[in-house]
């Protein structure tokens, strides 16, 4: 066997408190399509960031060999120079510039200090032919569909002298025709000798296109499968992806018969005018009193959009459908309406839209329900401190005092502050979006225990999570979301990891 | 031990105390270079009156910057409102007690109009208020087109800009304004009492408090400062109405920002608008409130300026917005949002007017004055960013 084009040896990358990659090894042979699969958080993106120099040499341990030579990237420019091109899920094109300007952006064809536009337009045309895209090179990017934009990105990558093309979930935002078209193109490029690494959650597509597949789980390489030896099948992939046993980190709780329906949505559709596409289609879902309903789905499947659209729709989607709270039709026009009706939403991105990092613990806890501790608009600071201290004790928030800035707390304690904030509004329904992302096992256990206590007291919980073990370990009932649709609803007794994964990658 | 404590507290709170120290140093330098003229009763009294119309703008601008916006239109809005007030008093002959509330409401409405495209369409406030800058400048010129400068004869109105509070007829100390002294003493007593009760409360909740000796030093220092200022003022004409208004605005806004739900919502929107919206706060509403208050304070600034000049002129309000923005930044407001106190901005305004007044006394050429003020603004912001980074 000849030298592999890429070899990553014993890569370990640590973040404070977490080992994102643990001794990962990864080989890609020349001229193949190599797929990289794994659950969210398995380490795929981190591995690609190491490869592309986002995490420069010295911030990880292990070696990267490209064509047999050891690489030491100081930044993205170095890896690009060496011939590694990455195309991310969020496209990096400039909407207001033309196709040809984008293709040669940062790599302009020059005549001294000037850009040689004639040559640029000519070469751009050649690149577009290569990716089989028929558009006017002078069209603006914003006037193209997502599928075509993706092809422009690939043309841009090909315009440089690349050794390795990496695509991070290229089909996540594409419809079926565009996806098929893209996969076809990748096969064509492979036949011309381009090596390609493809990260994908869509197992069907992985099986269809790959020459080999590497599975990552919990920051480790599980195995590399060879498609030409018939090793790649859906069941094999799922087995390796979810392989871990569900350990006893989930506190047991009796699955009681739940009470009346608290929230119901029917025929729920949402269109995002910003993205220009429908993000939720015909969603029907209900939650009953005293139950934990899991919503499983991969990143980008529409889970968070579902929560946002229910919680007063702050992102301005165009929504069609019915929402009933305790049997009464409701239309929440802003988060405040949802809060008043008894809904609380702990967001996925606690630093981005959950907490006010520059404020202290007590100010964050009382923020959503300030009028409860105010008289005629004046805050009773004694009451505020008392309430914050109560939550500090009952949720075991580790902080020197409630006057500590939340930016100084650890992830788990920040999450407890978020939870306190929403418990203080005394909701009937608590929506938790990735409630344990990026927090340590101890704090996870505390949060799970708290969830059990809350449902025992009669609260209802929707738990959105991409961690399958967590969904299966905590829920009474599971909905599976994929591409903006509910692709399945399973009682917990029937929900096996394989079944859920199959529906989620549907 | 004491000096170690002092050093530690100063280092930890350098950002908060920095501007007080800067103000003190600036005043000291001018006191020396002008051989005492700068700290004379007459000049200090004048300085405070000059600060008034910028200070009220700086208070409003603090909140605007806290919610991550800017309002460039406030200067000419102040000028325009001043002209409206002059016309109402002179040509229409309306009484003062009617004119003042009317123009304050008018200012608030103007602020809401500036906020409209910002809140509804997400237009950058820089652009929306730049449009306002042009429009209000045009309106000011229209309002003063007929007569040019409009002289205001109404003494009740002009007293706001150059009058002093009356004295009570008790003469214990000769040649001293007794009521001013009394106000000073009451202020000191209230300040000391509130600080002690606050400290007791914080101790009860086992929050971090200043070491006792430093706490006493702080009380003594601030009491001495307030005492000194009132002493100097009362040896001249006492407290002016401008200072009364400035203190009242500062007090009200300080209370709103630190004690009320509205204040908390404003700072939450500044700290993280997405989190605030998802916590049930209407970001739009907060933008309207903040710009509305800015408009009202612009009107107040216009009243103070017109009263001080006893007239409305075609150029009234020129560059006020930049002085107000500079004052807010010198006072520790952060452009990243969510951080800044109204009391800081008042100090910032005092720093900026002290520079002008001191350099005028020194007969420094106006060109150099601009350069010095620019350098002070830049150093203040650099200092702020540097200390913020160090404290992370």
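Brief remarks on what is shown
- For the protein assembly as shown: Kirkwood Rh in Å [reciprocal of mean 1/r, alpha carbons]: 31.8
- Volume per residue for chain A equals 170 cubic angstrom (convex hull of Cα atoms).
- Three-way shape call for the stretch A:119-274 based on the alpha-carbon gyration tensor, with the a/c threshold at 1.5: oblate
- Length gained on full extension, residue A:3 to residue A:90: 28.1 nm, using 0.36 nm per residue less the C-alpha separation.
- Projected label distance in nm at residue A:282 and residue B:193, using a 7 Å step from Cα toward the beta-carbon: 7.2
- Note on the stretch B:59-104: Kirkwood hydrodynamic radius from all Cα pairs is 12.0 Å, rounded to one decimal.
- Gyration tensor (alpha-carbon) shape descriptor, the stretch B:240-286, a/c threshold 1.5: prolate
- Take B:32-41, A:482-491 and order them by the average number of nearby Cβ atoms within 10 Å per residue, most first; the result is A:482-491, B:32-41.
- Extension gain, residue A:70-residue A:440: 0.36 nm per intervening residue step, less the Cα-Cα distance, totals 129.7 nm.
- Per the Cα gyration tensor, the stretch A:347-426 maps to an equivalent ellipsoid with semi-axes of 19, 13, 11 Å, ordered largest to smallest.
- By the compact-protein rule of thumb, 2.2 N^0.38 Å, the alpha-carbon radius of gyration of the stretch B:15-115 corresponds to a ratio of 1.44.
- Between the stretch A:58-132 and the stretch B:60-104, the alpha-carbon center distance in angstrom: 55
- Each listed q (0.11 Å⁻¹) maps to a log10 I(q)/I(0) for the stretch A:6-242, found by the Debye formula over equal Cα scatterers with no solvent: -0.58.
- For the stretch B:82-217, the Kirkwood hydrodynamic radius from C-alpha pairs, put into Stokes-Einstein at 37 °C and a viscosity of 0.692 mPa s, yields a diffusion coefficient of 160 µm² per second.
- Relative contact order [Cα under 8 Å, 6+ residues apart], the stretch B:168-239, whole percent: 53
- Mean separation of Cα contacts under 8 Å (6+ apart) over length of chain B, as relative contact order %: 36
- The alpha-carbon atoms of the stretch B:244-372, seen along their principal axes, cover 55, 30, 25 angstrom, with the largest extent given first.
- Residues A:479, A:345 arranged by fewest to most Cβ contacts within 10 Å: A:479, A:345
- Burial ordering of A:426, A:9, fewest other beta-carbon atoms within 10 Å first: A:426, A:9
- Bins of 20 Å, starting at 0 and running to the largest distance - Cα pair percent for chain B: 26, 58, 16, 0
- Sequence-distant contacts, meaning Cα pairs under 8 Å at least 6 residues apart, place the relative contact order of chain A at 15 percent.
- More than 26 angstrom apart: percent of Cα pairs within the stretch B:167-298: 48
- Which of A:428, A:349 has the fewest Cβ neighbours within 10 Å, and the rest in rising order: A:349, A:428
- Residues residue B:98 and residue B:285, FRET efficiency given R0 of 22 Å [Cβ-Cβ distance, rounded to 0.05]: 0.15
- The stretch B:269-344-the stretch A:183-214 distance, computed between alpha-carbon centres (Å): 57
- For residue A:372 and residue A:114, a Förster radius of 51 Å and the Cβ-Cβ distance give a FRET efficiency of 0.20, rounded to the nearest 0.05.
- Rg [Å, one decimal], Dmax [Å, integer] - the stretch A:416-506, C-alpha atoms: 13.7, 39
- Exercise: per-residue mean of other protein chain Cβ atoms within 10 Å, A:336-348: 2
- Modelled spin labels at residue B:215 and residue B:33, positioned 7 Å past Cα toward Cβ, are 4.0 nm from each other.
- Rounded to 10°, Cα long-axis angle of helix A:381-394 versus longest principal axis of chain A: 70
- Where the Cα pairs of the stretch B:168-239 fall when distances are cut into 5 Å bins, in %: 3, 16, 21, 18, 13, 10, 9, 6, 4, 1
- For chain B, the mean residue ellipticity at 222 nm estimated from helices alone is -25500 deg cm²/dmol, where every DSSP H run of n ≥ 4 contributes -39500 (n - 2.57) and the total is divided by all residues, rounded to the nearest 500.
- Helical mean residue ellipticity (222 nm; -39500 (n - 2.57) per DSSP H run of 4+; nearest 500) of chain A: -9000 deg cm²/dmol
Each reported figure results from applying straightforward, stated rules to the coordinates on display, with no laboratory input. Since the model is a prediction, treat every value here as computed from it, not as a measurement. Here Cβ is always computed from backbone atoms with ideal geometry, including for glycine, and neighbour counts include all displayed protein chains.
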